[in-house]
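Just below is one structure, and these are the notes that go with it.
The values are calculated or read from the model by the stated rules, or taken from the named source; none is laboratory data. This structure is a prediction, so every number in the text was calculated from the model and none was measured. FYI the Cβ positions are ideal-geometry reconstructions off the backbone, even for glycines, and counts take in every protein chain you see.
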Amino acid sequence: MANTQELRKRRKSISNTRKITRTMELVASSKARKAQDAADASRPYAETLAQVVSDLSAGETDLTHPLMAQRDPQRVMVLVATSDRGLCGAFNANVLRHAQQVIEAHKAAGRQVEVISLGKKGASTLRFLGHPPSESHSGIMDAPTYSQVLRLIDPIIERFTAASIDRVEVVYPRFINIARQEPVTRVLLPAGGDEAASDQTAGAAMVDFIYSPPPQELLATLIPQTVRTALFSALLQTSAGEHNARRMAMKNATDAASDILKTINRTYNRVRQGKITQEIAEIVGAVEAMS
């Protein structure tokens, strides 16, 4: 059995660790609230923008835009959104497992796949899995901004317009609630290729509107904006998911440290009580021997 000195050292060490994990939990909770508010605030705009584009496209077969061009997807780009830091449980592992399945499915279909990592954790793991990213971006997920999205997506839009890539997808953890994030794949390009988004906006397809300027001119502005907004929404959900996952991981670590401390305290008290009893017995034995 460990002596009291060793138990005191262990108790102090675990107590310091619990303070750290508790602090990280509080910081993650604060960031999670802000990130979740940002994700919730962007959703109505993204949904309304997609609805307007759907209304413009409904019943107008002559409406075309370069970003809506449907081509045989022989060259696919996959954006993988992960965190820059760890200590967030299985958050990154789940996203990267889904991304690996998506990439391998494209390669099995004979397609050329280019991977871009959005987050340090994704870049290192993708290299290990044999899918080295052509680009790696970091410093985004803590608090994504629209200007960062523009720097990311505008060169990709230019490449799609030039037909150097045929399809662009983003793999990210869709934020469901504070305890659950579901890895999903969303088609960014060609615009309108995301079946989930199409299903959400199909309800108002038969509404007849009069537009000024004409729909073709509106599409020229709204389609690129829709693509940018879709990526921005994915990054905001990734940020909210990361902070909530880290909060849960740090809460579990703090609770585990508390349980270990209770066990150590019980052991320490038992050892200390045994030593006191032994000392009393020795004193009583010495007194009896002297009498």
Of the listed residues (SER83, SER42), the one being assigned to a loop (DSSP other than H, G, I, E, B), of a type in the set (Gly, Ala, Ser) and under 30 Å from SER29 (Cβ atoms) is SER83
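Based on what the data block shows, is THR277 more than 16 Å from VAL95 (Cβ to Cβ) and modelled with pLDDT of 90 or more? Full working, then the answer.
Details: more than 16 Å from VAL95 (Cβ to Cβ): yes; modelled with pLDDT of 90 or more: no.
Judged against the criteria, THR277 is not a match.
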Taking the range 94-140 and the residues there that are outside any helix (DSSP H, G or I) and among the polar types (S, T, N, Q), the one that is farthest from SER83 (Cα to Cα) would be GLN112
Of those in the range 194-216 that are buried (at least 17 other Cβ atoms within 10 Å of the Cβ) and over 24 Å from ILE140 (Cβ atoms), the residue modelled with the highest pLDDT is PRO215
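Table: residues versus (1) more than 30 Å from MET77 (Cβ to Cβ); (2) touching a helix residue (DSSP H, G or I) at 6+ places or on another chain (Cβ under 8 Å); (3) of a type in the set (Val, Ile, Thr).
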site	(1), (2), (3)
TYR211	yes, yes, no
THR221	no, no, yes
LEU231	no, yes, no
TYR268	yes, yes, no
ILE280	yes, no, yes
VAL287	yes, no, yes
Note on ALA81: of the conditions (1) free of Cβ contacts under 8 Å to residues at least 24 places away in the same chain; (2) under 18 Å from the mean Cα position of the chain (by Cα), unmet is (1)
Residue hits (the range 151-193; exposed (fewer than 15 other Cβ atoms within 10 Å of the Cβ) and in a strand (DSSP E or B)) are ILE176, ASN177, ARG180, GLU182
If we keep only residues of the range 15-37 that are surrounded by 13 or more Cβ atoms within 10 Å (Cβ to Cβ), among the polar types (S, T, N, Q) and at pLDDT 90 or above, then the residue farthest from LEU236 (Cα to Cα) is SER15
Residues of the range 229-254 being within 24 Å of ARG22 (Cα to Cα) and surrounded by fewer than 24 Cβ atoms within 10 Å (Cβ to Cβ), in sequence order, are MET248, ALA249, MET250, LYS251, ASN252, ALA253, THR254
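Just to be sure, is LYS262 of a type in the set (Lys, Arg) and under 17 Å from SER15 (Cβ atoms)? If you could, list the steps in order and put the result at the bottom.
Numbers: of a type in the set (Lys, Arg): yes; under 17 Å from SER15 (Cβ atoms): yes.
It is true that LYS262 is of a type in the set (Lys, Arg) and under 17 Å from SER15 (Cβ atoms).
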How many residues of the range 225-263 are touching a residue at least 12 places away in the same chain (Cβ under 8 Å) and either over 24 Å from the mean Cα position of the chain (by Cα) or part of a loop (DSSP other than H, G, I, E, B) (or both)? The answer is 4
